[in-house]
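Peer 1: Pasting in a structure now, in structure tokens, and then I'll have a few things to ask.
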Amino acid sequence: MPNLEHPAYPAAALLHLESLVPCRESQVSMLLSIFGEVRQQFSFPSIFIYGHTSSGKTYVMQTLLNTLQLPHVFVNCVECFTSRLLLEEILIQLQSCSSETEPTSPVPCDTFNDFVRLFKQALVSRELQDQTLYIVLDRAEQLREMEANILPAFLRLQELTDSNVTVVLLSEIVWELFRPNVGCFDPLTLYFPDYSIGHLQKILSQNHPPEYTADFYAAYINILLGVFYMVCRDLKELRHLAALNFSKYCEPVVRGEANERDTRKLWKNIEPHLKKAMQTVYLREISSSQWERLQHDGGEPGQLKGLSAHTHVELPYYSKFLLIAAYLASYNPVRTDKRLFLKHHGKMKKTNFMKKHEKTSNHLLGPKPFPLDRLLAILYSIVDKRVAPTANIFSQITSLVTLQLLSMVGQNDQLEGPRYKCTVSLDFIRAVARTVNFDIIKYLYDFL
């Protein structure tokens, strides 16, 4: 028996809609009740739908409006980040709601008064005044960053335009964080709860490949959720993980070592690969093709030449070289600078340079402080292009100290100049060096 019933829409359309939005039947039924029994009936002026990320808010609204062929405008407030872009985008989409007339060129809309006037003209020209028009604003929390009159005006757009229009706000935060201090018309709020593990099992099991049975894929999804559900409940991320690791789950069946019901062998085969995937949930450290190649070769994620999201931050180009130079100055003895960084350093006796009398590695002793002039000297030798000692370079050194990648040692003596110490690890600096194609191991005294 279908869960969705409404006198204004055909049963076939509601049955199709129910198949497209699994586990959201109660929310869709509530929205249909709010929309009214007939299209000409005035709906609620504004609706506020909130819930955590990946709880189906955007998908349900798009599917509902498209399946029932209701006139609507769908705008992402992140893309339209100013009030003018937002208002003009609504008017542009409104022109394409009716295919009977050719869309006209967009008219500049600087204020909300202009928007109300142009909106009423567009409704008449598109013959939409006799049915409810829905304006959906996704990521509506961005409206708080716009002019103070934008949010209250959208909530009362039905009153301002004297037309049958409903504004739907989609957000991840609660209405109490939206309400302006001066007060406004409160919308009807509707909460989308997180998907339970049973809901996720049902939704993900619908995507099973045709060459395998539904029970086989459902058993795989059950294993996947058993591993990831406690750390990740994002439907998009779980769907990505399911598609990424399914080929590895099927390997014993493909090789003929197990059948589809031999869950113990299938679990033993997939367990180590799911543990690797657990380390990179949400991070997208490597592409899907790289991950599949890594699984085929049986390697670790750190073996790829890509950067790990755990071990790098985004830095300007010369800041990366400054950090590399600081690391070399902290872990290389001063007497080795001529040998490592001077092109025409002449001959040096091997016994004086090799570390056969050294008892402990410099990396075990920790970073040593160095003066500013030594840092700049190493920087100029490792950068291919000539770098002038401008204020920009010195400000980047200060930024590295602020980020705690460098630390200033002692007092800033005006006579001797500041002394610094590099605080990052070897893995971190190797990851940074890879982004600028610099082989730092060749310049480290401990690895010669």
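The values are calculated or read from the model by the stated rules, or taken from the named source; none is laboratory data. All of these numbers come straight from a predicted model, not from anything done at the bench. Heads up, the Cβs are rebuilt from the backbone with ideal geometry, glycines too, and the neighbour counts pull from every protein chain shown. Just the protein is used for accessible areas: all its heavy atoms, side chains included, with ligands, DNA and RNA removed. Shrake-Rupley method; radii C 1.70, N 1.55, O 1.52, S 1.80 Å.
Peer 1: So in the range 22-52, with the set limited to residues that are of a type in the set (S, T, N, Q) and modelled with pLDDT under 90, which one is nearest to Leu128 (Cα to Cα)? Lay out the reasoning, then the answer.
Peer 2: Within the range 22-52, the first condition is being of a type in the set (S, T, N, Q), and the residues that meet it are 26-27, 29, 33, 40-41, 43, 46.
Checking the rest, the ones that are also modelled with pLDDT under 90 come to 40-41, 43.
Details: Gln40: 10, Gln41: 13, Ser43: 14 Å.
Only one residue fits best here, namely Gln40.
Here is a yes/no grid of residues against (1) out of contact with any Phe, Trp or Tyr (no Cβ under 8 Å at 6 or more places or on another chain); (2) without any contact (Cβ under 8 Å) to a residue 60 or more places away in the chain:
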position	(1), (2)
Ile47	yes, no
Thr53	yes, no
His72	no, no
Val78	yes, no
Asp110	yes, yes
Leu143	no, no
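Peer 1: In this structure, does Pro71 turn out to be touching a strand residue (DSSP E or B) at 6+ places or on another chain (Cβ under 9 Å) and open to solvent by less than 50 Å² (accessible area, probe 1.4 Å)?
Peer 2: Details: touching a strand residue (DSSP E or B) at 6+ places or on another chain (Cβ under 9 Å): yes; open to solvent by less than 50 Å² (accessible area, probe 1.4 Å): yes.
Judged against the criteria, Pro71 is a match.
Peer 1: Do any residues in the range 171-188 that are over 12 Å from Tyr50 (Cα atoms) have Cβ atoms under 7 Å from those of residues that are assigned to a loop (DSSP other than H, G, I, E, B) and open to solvent by 70 Å² or more (accessible area, probe 1.4 Å), where the two are at least six apart or on different chains, and which pairs are they?
Peer 2: Going by the 7 Å Cβ cut-off, the qualifying pairs are Pro180/Ala148; Phe185/Arg156.
Peer 1: So, in the range 146-164, how many residues would count as being without any contact (Cβ under 8 Å) to a residue 60 or more places away in the chain and at negative phi? Can you show your working first?
Peer 2: Taking the range 146-164 and keeping what is without any contact (Cβ under 8 Å) to a residue 60 or more places away in the chain, we get 148-149, 151-153, 160-163.
If we keep only those that are at negative phi as well, we get 148-149, 151-153, 160-161, 163.
Counting residues in the range 146-164 that are without any contact (Cβ under 8 Å) to a residue 60 or more places away in the chain and at negative phi gives 8.
Peer 1: Among the residues of the range 52-67, count how many are over 17 Å from Ile203 (Cα atoms) and surrounded by 20 or more Cβ atoms within 10 Å (Cβ to Cβ).
Peer 2: The first filter runs over the range 52-67 and keeps only residues over 17 Å from Ile203 (Cα atoms), leaving 52, 61-62, 64-67.
If we keep only those that are surrounded by 20 or more Cβ atoms within 10 Å (Cβ to Cβ) as well, we get 61, 64.
Residues in the range 52-67 being over 17 Å from Ile203 (Cα atoms) and surrounded by 20 or more Cβ atoms within 10 Å (Cβ to Cβ): 2 in total.
Peer 1: Also, quick follow-up: Quick check on the range 253-268: of everything there that is part of a helix (DSSP H, G or I) and either hydroxyl-bearing (Ser, Thr, Tyr) or within 24 Å of Gln206 (Cβ to Cβ) (or both), which residue is nearest to the chain's Cα centre (by Cα)?
Peer 2: So in the range 253-268, the residues part of a helix (DSSP H, G or I) come out as 253-254, 263-268.
Then keep just the ones that are either hydroxyl-bearing (Ser, Thr, Tyr) or within 24 Å of Gln206 (Cβ to Cβ) (or both); that gives 253-254, 263, 266-267.
Numbers: Val253: 35, Val254: 35, Thr263: 34, Leu266: 32, Trp267: 30 Å.
Taking the candidates together, the pick is Trp267.
Peer 1: Let me ask you something else. For Cys97, work out the one condition from (1) open to solvent by 20 Å² or more (accessible area, probe 1.4 Å); (2) of a type outside the set (Phe, Trp, Tyr); (3) in contact with a strand residue (DSSP E or B) (Cβ under 8 Å, 6 or more places away or on another chain); (4) not in a loop (DSSP other than H, G, I, E, B) it doesn't fulfil.
Peer 2: The number of the failed condition is (4).
Peer 1: Failed condition for Phe44, given (1) closer than 24 Å to Ile173 by Cβ; (2) open to solvent by less than 20 Å² (accessible area, probe 1.4 Å); (3) not hydroxyl-bearing (Ser, Thr, Tyr), with all others met?
Peer 2: The single condition Phe44 does not satisfy is (2).
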